[in-house]
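Okay, here's the structure, questions in a sec.
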Amino acid sequence: MKGVVYLGDSEVEVREFPQPEPGPGQIVIESKVAGLCGSDLHKYHCSRAWAQERNGMISGHEPTGIVAAVGPHVEWPSIGDRVCVYHRLGCGHCAPCRSGYAAFCDVGSGAFGRTQDGSHADYMLADARYCLPLPEEVSFAVGTQLACTAGTSFAALCKIPSHSGDTLVVFGLGPVGLSGLLLGMGMGYRGIGVDTHPYRVEQARKVGKGLVIDAAKDNPIEAIRDATGGKGVGGVLECSGNPDAQRQAATVASRGATIVYVGGGGSPDLSVDFADVLQKDLTIRSNSVFSMASYSDEVEFLLRHPIPLDEIITHRFKLEQAVEAFSLFDSGASGKVIFEWEQ
Ligand SMILES: [Zn+2]
Ligand SMILES: [Zn+2]
């Protein structure tokens, strides 16, 4: 089978690997769709020395596919089942692991594509306990988003007390932010998106159909004030990690609003106007990844609400085109980029 390996300094290579065999408690999935993610780009940009230390480990952590082989002592899933695989790995025994948060494992959390072979391959080996059922009605292309980006944005949205009819602002309209905007609108919010990248602004306008502010041209504080009659918004998702947006999130919030900080990678300090927080009685929260239970809630939500998450995907590549796929995704001129196999 084929798999993608980081070479360092923004290079990847497709290599030939032996097909994995499932051990006790393990399954092998035949890949159907595997997304590229912002965190894959961090690894893509790493040094050659870093890449060499990975010793040929396969990239990718947004796996979906069909179970192709099942090892001993696996009760579920079975061969032929459609599955999504939770992307973080833990000991399986500590309290966070037992509550579906392997991402916060007490012993130390790993991840596909970081601590073991990932999803950018024709077949992927996984412990059966990380498999999540993917119903027929939810496409593999949506499933790959539930495995990471849309899984994160859904969990973040669930931290905002429901204000159906209220306004939600999402700063940063990459795959996490744009899925958050669409899911929020599906939950009943009026959605407003903010970004500075022309490609992302245009894509959000096309897919989201709500108000999308190009913060490179217009002042988002004024635009949001105008759009809400001076009231501000009841919910904010900050997905950009940009210090200006982090500060603006509190400025555009209405009295009693909740802000959820999702985007990282910027300054280590969070700077907001404390008068905003205090005088408007704001709730400030953050969200990192999601639990397996949250995945189930999101699938249930999607079965009842048609959300156009498929439309976040702008580019579909064969695994053999990995060099082109990574380079295009790295340029920023794309929405969600995926590897796709025959279905
Ligand atoms: Zn991801
Ligand atoms: Zn654990």
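Among the residues of segment 183-196, count how many are surrounded by 24 or more Cβ atoms within 10 Å (Cβ to Cβ) and either out of contact with any strand residue (DSSP E or B) (no Cβ under 6 Å at 6 or more places or on another chain) or not assigned by TED's automatic domain parsing to the domain that holds residue 265 (or both).
Qualifying residue count for the region: 2.
Is there a residue being within 13 Å of ligand 2 (Cβ to nearest atom), farther than 30 Å from residue 305 by Cβ and in the same structural domain as residue 79 (by TED's automatic domain parsing) anywhere in segment 114-126?
For segment 114-126, residues within 13 Å of ligand 2 (Cβ to nearest atom), farther than 30 Å from residue 305 by Cβ and in the same structural domain as residue 79 (by TED's automatic domain parsing): absent.
Still on this structure: What helices (runs of 4 or more DSSP H), lying completely within segment 31-135, carry at least 3 residues that are within 14 Å of ligand 1 (Cβ to nearest atom), within 16 Å of the chain's Cα centre (by Cα) and at pLDDT below 95?
38-44
Only one of 203, 248 is touching a Phe, Trp or Tyr at 6+ places or on another chain (Cβ under 9 Å) and either within 18 Å of residue 176 (Cα to Cα) or surrounded by 15 or more Cβ atoms within 10 Å (Cβ to Cβ) (or both). Can you tell me which?
248
Follow-up question, since we're still on this one. Report, ordered by the first and then the second residue, all pairs with beta carbons closer than 8 Å, sequence separation of six or more or different chains, a first member in segment 94-116 that is touching a residue at least 24 places away in the same chain (Cβ under 8 Å) and over 23 Å from residue 52 (Cβ atoms), and a second member that is of a type in the set (Gly, Ala, Ser) and exposed (fewer than 15 other Cβ atoms within 10 Å of the Cβ).
From segment 94-116, the pairs are 99/293; 100/293; 102/92; 103/288.
While we're on this one: The conditions are (1) assigned to a helix (DSSP H, G or I); (2) not assigned by TED's automatic domain parsing to the domain that holds residue 41, and residue 281 fails exactly one of them. Which is it?
Here residue 281 clears every test but (1).
The values are calculated or read from the model by the stated rules, or taken from the named source; none is laboratory data. Fair warning: this is a prediction, and the values are worked out from it, not measured in the lab. Positions of Cβ are backbone-derived with ideal geometry, glycine not excepted, and every protein chain shown enters the neighbour counts.
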